[in-house]
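**Q** Take a look at this one; I'll ask things after.
The values are calculated or read from the model by the stated rules, or taken from the named source; none is laboratory data. The structure displayed is predicted, hence computed values, not measured ones. As a convention, Cβ positions derive from the backbone with ideal geometry for all residues, glycine included, and neighbour counts pool all protein chains shown. Only protein heavy atoms, including side chains, enter the accessible area calculation; ligands, DNA and RNA are left aside. Shrake-Rupley method; radii C 1.70, N 1.55, O 1.52, S 1.80 Å.
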Amino acid sequence: MRNLFAFIYRFRAFLVFLLLEVLCIFLIVRYNTYQGAAFFNSANRYVGQVLDFQSGITDYFRLTDINQTLASENAALRQELMQFRLATEIDSTATLDTTYFAPTDSSLALPYHLKASRVINNSVRRMNNYLTIAKGTADGIQPGMGVVSPHGVVGRIKTVSERYATVTSLLHSQMLISAKLQKDNTFGTIKWQGGDYRTALLDYIPLHVKPEKGDTVVTSGFNTVFPEGIMVGTISSIEQEPDKSFYTIGVKLSVDFAQLSYVYVVENTYKQERDSLEQNTGIITDEQ
Amino acid sequence: MNNSFGLNHIIQFFLFVALQVLLMDNLALYSMGFCFIYVAFLLYLPLTINRVWLLVLGFAVGFTVDVFYDTMGIHAAASVLLAFLRPHVLNLLTPRDGYDSSDAVNIHVMGTRWFLTYAFTLILLHHMAVFFLETINFQTALYTMAKTLLSTLFTGIVVVIIQLLFFSPKRERIDYR
């Protein structure tokens, strides 16, 4: 027994080293698949405060850009609003005789709520990039919600604390987003393979369709994370490798991830109903 | 430099972590060269520090950076590796007549060659651990190696600059207390 203790004492540094490394590996493996409440990451309350303070300073340097984006988005929204107003003025169904009155169909109402939030931490140059936003459970943010910006898809909520949340960016080696070609609705999967943060890969587009450079890629809406038709990017390169039955398509992302300052978190109010239905019928939902 | 762990090093801990999180996070050369300046905290610790204590400090600083970077465990693992290897590297680099009691990790005291070998070896190993843990696969090993080398150069140069700027060339600091 004494020898054993002597042995442990002699190699204590090595044993502590092994112990800590095993702990680290455990953390790495666990965190990769983890989704839920935040403890030790940038959504943590105190860490979030530091990052909030930092972005409070650096945001001033980007104020012009931020204003420009918001102004142009406002203009686009106003234009859309004008079209709708025009359409409702032309449409006189509501003022018709009561016998013909058709109440608005509630199933046509979009089930999506958007919550605007400030980005307080962001990275684009690592293999697995995350964002931190200054909204948490107090504002109704839940893990698994989609995140979009005025220009397109950004990512998906990973962990939340009371006032902050981390977002798995599209620029994450394990992030998959269901997407389709806008012109003919062929669907594939968007993934990022590291390196340049302006381009991603569109996979699983079969060889019989004819994608062209410049074609628009949007989200498919086949899951409850993103609404249908959110911009992802435009096709920048098409390759047909001889040993593959799918195209290798490069997509130029419409979002400039290095310049993100405000994003919208998408809440789908029908999420639970749809997810549980699909699960009950035995369809394995695409988790991304 | 004092030869024991003290207030000085605690201040360095916060200083280097703050520098890492607030400033160096935004700096990347050609999106390949990263500066992980927080390793300087581990490099500048006293030569005779207890090995177990060193490992714990390595874990602490790596974990703190991980929390800010959302890379749970990666920097902690690399820092613990660095902390484990540091005494061995120091052993290999022992001057002919052993370390003096007044010796410290200081470019003026130990000489440029000693310091560069010491710093660059450990930084290289640390960065290699970080980048390979980040990608896991070995398909892009060449790209990862290039990233490691450029980043090692970047971090190493910053570490040397900090030495030249803030560490006094005197052999022993005069204690005014």
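**Q** All but one of (1) touching a strand residue (DSSP E or B) at 6+ places or on another chain (Cβ under 6 Å); (2) free of Cβ contacts under 8 Å to residues at least 24 places away in the same chain hold for A:Glu273; state the number of the condition that does not hold.
**A** Condition (1) is where A:Glu273 drops out.
**Q** Residues that are closer than 20 Å to B:Val130 by Cβ: find the strands (runs of 3 or more DSSP E) completely inside region A:119-179 holding 1 or more of those.
**A** In region A:119-179, A:128-133, A:165-172 are the strands (runs of 3 or more DSSP E) which contain 1 or more residues that are closer than 20 Å to B:Val130 by Cβ.
**Q** What's the number of the condition A:Pro211 fails, among (1) assigned to a loop (DSSP other than H, G, I, E, B); (2) open to solvent by less than 20 Å² (accessible area, probe 1.4 Å); (3) within 22 Å of A:Asn121 (Cα to Cα)?
**A** So A:Pro211 meets the others, but not (3).
**Q** I'd like to verify a number: residues in region B:60-114 that are at the interface with chain A (Cβ under 9 Å from one of its Cβ atoms), assigned to a helix (DSSP H, G or I) and among the charged types (D, E, K, R), how many?
**A** Qualifying residue count for the region: 1.
**Q** Looking at A:Leu110, A:Leu51, which is the one that is away from every other protein chain (no Cβ under 14 Å) and either modelled with pLDDT of 85 or more or not in a helix (DSSP H, G or I) (or both)? Before the answer, list the steps.
**A** Working: A:Leu51 fails: away from every other protein chain (no Cβ under 14 Å).
On inspection, the qualifying residue turns out to be A:Leu110.
**Q** Give me the residue from region B:27-76 that is among the aromatic types (Phe, Trp, Tyr) and closer than 14 Å to B:Ile10 by Cα and, out of that set, surrounded by the most Cβ atoms within 10 Å (Cβ to Cβ).
**A** To start, the set of residues in region B:27-76 that are among the aromatic types (Phe, Trp, Tyr) comprises B:30, B:34, B:36, B:38, B:41, B:44, B:53, B:59, B:63, B:68-69.
Now restrict to residues that are closer than 14 Å to B:Ile10 by Cα: B:38, B:41, B:44, B:53.
Working: B:Tyr38: 25, B:Phe41: 23, B:Tyr44: 21, B:Trp53: 14.
Out of the qualifying residues, it is B:Tyr38.
**Q** Which residues, taken from region A:129-144, are touching a strand residue (DSSP E or B) at 6+ places or on another chain (Cβ under 8 Å) and open to solvent by 20 Å² or more (accessible area, probe 1.4 Å)?
**A** Of region A:129-144, the ones touching a strand residue (DSSP E or B) at 6+ places or on another chain (Cβ under 8 Å) are A:129-137, A:139-144.
Selection gives A:Ala134, A:Lys135, A:Thr137, A:Asp139, A:Gly140, A:Gln142, A:Pro143.
**Q** Would a scan of region B:93-116 turn up a residue that is modelled with pLDDT of 90 or more, β-branched (Val, Ile, Thr) and out of contact with any Pro (no Cβ under 6 Å at 6 or more places or on another chain)?
**A** Scanning region B:93-116 turns up no residue that is modelled with pLDDT of 90 or more, β-branched (Val, Ile, Thr) and out of contact with any Pro (no Cβ under 6 Å at 6 or more places or on another chain).
**Q** Conditions: (1) in contact with an Asp or Glu (Cβ under 6 Å, 6 or more places away or on another chain); (2) surrounded by fewer than 23 Cβ atoms within 10 Å (Cβ to Cβ); (3) closer than 18 Å to B:Gln12 by Cβ. B:Phe115 meets all but one. Number of the miss?
**A** The single condition B:Phe115 does not satisfy is (1).
**Q** Name the pairs whose Cβ atoms lie under 7 Å apart, with the first residue in region A:1-29 and under 20 Å from B:Phe131 (Cβ atoms), the second part of a helix (DSSP H, G or I) and open to solvent by 40 Å² or more (accessible area, probe 1.4 Å), and 6 or more positions between them or separate chains?
**A** Close Cβ pairs satisfying both conditions: A:Ile28/B:Leu133.
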